[in-house]
């Protein structure tokens, strides 16, 4: 076994021993931030939703696709996600991108994906 192969094998074994991280934000964290009365947390809520909405314009997120109409405002997307989080507390454990993508897909489905 060459040194390079041994190092690669060691890295693979070490990587397998580290637990996988699901992500920094899940639905519970997003609900907490979006329900906050502190502007800084409410801003992080809007920024997070904006980022996922922007990604959805390019490609599906967590197998979800949404098509926001022309002229849609960020405040609309935030309201949609807040409502979805309030109406689906049993799903708040899901990863943040999946929560946002699901909520936006249901509110703004793409033509042909109903």
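Given the options 58, 90, name the one that is exposed (fewer than 14 other Cβ atoms within 10 Å of the Cβ) and modelled with pLDDT of 95 or more. The conditions single out 90.
The residue that is farthest from residue 34 (Cα to Cα), among those in segment 85-109 that are touching a strand residue (DSSP E or B) at 6+ places or on another chain (Cβ under 6 Å) and without any contact (Cβ under 8 Å) to a residue 60 or more places away in the chain, is 105. Right, residue 56: within 16 Å of residue 105 (Cα to Cα) and not in a helix (DSSP H, G or I) or not? No.
Within segment 29-50, being surrounded by fewer than 14 Cβ atoms within 10 Å (Cβ to Cβ) and either outside any helix (DSSP H, G or I) or within 11 Å of the chain's Cα centre (by Cα) (or both) holds for 35, 37, 38. Scoring residue 64 on the criteria (1) under 14 Å from residue 30 (Cβ atoms); (2) in contact (Cβ under 8 Å) with a residue 24 or more places away in the chain; (3) touching a helix residue (DSSP H, G or I) at 6+ places or on another chain (Cβ under 6 Å) leaves a single failure, condition (1).
The values are calculated or read from the model by the stated rules, or taken from the named source; none is laboratory data. Given the structure is predicted, the values throughout are model-derived calculations rather than measurements. Positions of Cβ are backbone-derived with ideal geometry, glycine not excepted, and every protein chain shown enters the neighbour counts.
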